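The values are calculated or read from the model by the stated rules, or taken from the named source; none is laboratory data. Here the structure is a predicted model, which is why all the values come from computation and not from measurement. When we count neighbours, we look across all protein chains shown, and the Cβ atoms used for this are built from the backbone with ideal geometry, even at glycine.
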Amino acid sequence: MDEFGVDTVLRVRLEHRPGQLARLAAIIAREGALIGEIRTIRVAETSTVREIVVETTDEEQARRVIDAISSDGIEILDTRDHVFEMHRGGKIHSTSRVSVKDLRTLRTIYTPGVARVSRAIERDPEAAWDLTGLANSVGIFTNGTRVLGMGDIGPLASLPVMEGKAVLYDAFVGISATPILINTRDPREFIETVVMVSKTFGAIHLEDIRIPDCFAIEDELRKRLDKPVMHDDQHGTAVVTLAAIINACRLIGRDFKRSRLGQIGLGAAGSAIAALAMTYGAGQVMVTDLSDEAKRRMTALGATATDFATIMREADIVVATTGKPGLIRPEMVRKGQVIFALSNPRAEITPAEAREAGAAFAGDGRSINNALSFPGIFRGVLQTRSREITPAMLTAAAEAIAAAAEPGEVVPSPLNPAVHDEVTRVVAAEVMRAGLAGTAKL
């Protein structure tokens, strides 16, 4: 999360006198905030109305800035929270691919013409791939029990996040994605609900589900459904993290496959990062967590369970996903280590602190954006009709993301369309190589 994560739009009236805009800027700076975009709205004879975006760390700081401006005699005409404005009315809307402007079209897409298509699918269910939107659809399923850094806020409060995922699917790869809120904390009920509505979608995206429920839910759905199922908090995060590690190693001349990677924290993301690192061939993967069950789960996959101190002392690459700010003290950093402290909004150690302590490379969670991975992964498996998403597809996606980064970067911008095209291409190629094309069932 960006340190200045709250954008407030102020509409102010400034008199036509020298230094008025500078006066306003000085007040904002004095309160520790930043100035974003400035736009002139109206110029009158004695005053100018401007909109100014003020960036603050939280809502309380935004209120202090507004109070300070008002106390100084500057007229504030209006204030708007940019985030709330963007979400007002929701961020997604279902639209038709067909324009209905005449009776013939109406009779074709609906009764009586549609009955012929329904009969065709009744005779051959596989025809639904071509005759409906299933081949371009993803269901985003959540119960809101672990949402971003907010925890268990429930399914309804998670909807803005799910809508955001749906927007990214459409914007980046043209997939139609639908949020589905499941109002239960019972993994069995969650699984049965997904199974019962699964025919609505070509693929299943799981999101923001607490541990350990997320592991059992994904495992069971993969067994019961012959279509792609992926928990993005696990595997989307792991793919982008692996891409960042690949490039960090390249930047400092380290051989990943001869390195010891230490994973601190074995929640959804941490477990998947460790597992994908093993798939990609890390020399050794060491793990630690407060949960013995979490450590046993990873040792069964080939990881070495150890403790926090040992990882900090022996690992060449350290990844932390604990949610505990300041956990890694500067004196714990070994010279030459690669450190990714990924907890948001505050990391286990800041990149600046880690570098100052001797890390060869240090990064935090701001660059590890799942939006780089999940759209192309799902596009790749949907267009080839693969029944599953394999670890090999995930490592191929990580390599594609790493290769798309600009010189000096560890990952590219999610706004670069070429990234999603390349992830789609390599995932689809891996589907073909594995002989999984056309294996998905509705």
message: For a quick check of your reading of the model, give me the residue pairs whose first member lies in the range 408-434 and is closer than 17 Å to residue 236 by Cα and at pLDDT 95 or above, whose second is among the hydroxyl-bearing types (Ser, Thr, Tyr) and surrounded by 23 or more Cβ atoms within 10 Å (Cβ to Cβ), with beta-carbon atoms closer than 8 Å and at least 6 apart or on different chains.
response: 423/373
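Out of all the residues in the range 28-84, which are in a helix (DSSP H, G or I), under 29 Å from the mean Cα position of the chain (by Cα) and under 16 Å from residue 11 (Cβ atoms)?
Selection gives 62, 82, 84.
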- prompt: Is the range 299-322 home to any residue that is surrounded by fewer than 22 Cβ atoms within 10 Å (Cβ to Cβ), closer than 26 Å to residue 397 by Cβ and touching an Asp or Glu at 6+ places or on another chain (Cβ under 9 Å)?
  reply: yes
- prompt: Residue check: is residue 241 more than 24 Å from residue 160 (Cα to Cα), in contact (Cβ under 8 Å) with a residue 12 or more places away in the chain, touching a helix residue (DSSP H, G or I) at 6+ places or on another chain (Cβ under 7 Å) and surrounded by 23 or more Cβ atoms within 10 Å (Cβ to Cβ)?
  reply: yes
message: Residues that are among the β-branched types (Val, Ile, Thr), at least 2 per element: which helices (runs of 4 or more DSSP H) completely within the range 282-392 meet that?
response: 308-314, 374-384
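Just checking, how many residues over the range 85-102 are assigned to a helix (DSSP H, G or I) and loosely packed, with under 10 Cβ neighbours inside 10 Å?
Here the count works out to 0.
Conditions (1) surrounded by fewer than 18 Cβ atoms within 10 Å (Cβ to Cβ); (2) touching a residue at least 60 places away in the same chain (Cβ under 8 Å), marked per residue:
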{"position": "127", "(1), (2)": "yes, no"}
{"position": "141", "(1), (2)": "no, yes"}
{"position": "155", "(1), (2)": "no, no"}
{"position": "170", "(1), (2)": "yes, yes"}
{"position": "175", "(1), (2)": "no, yes"}
{"position": "181", "(1), (2)": "yes, no"}
message: Looking at the range 387-407 only, could you name the residues that are surrounded by fewer than 15 Cβ atoms within 10 Å (Cβ to Cβ) and either modelled with pLDDT under 95 or among the polar types (S, T, N, Q) (or both)?
response: 406, 407
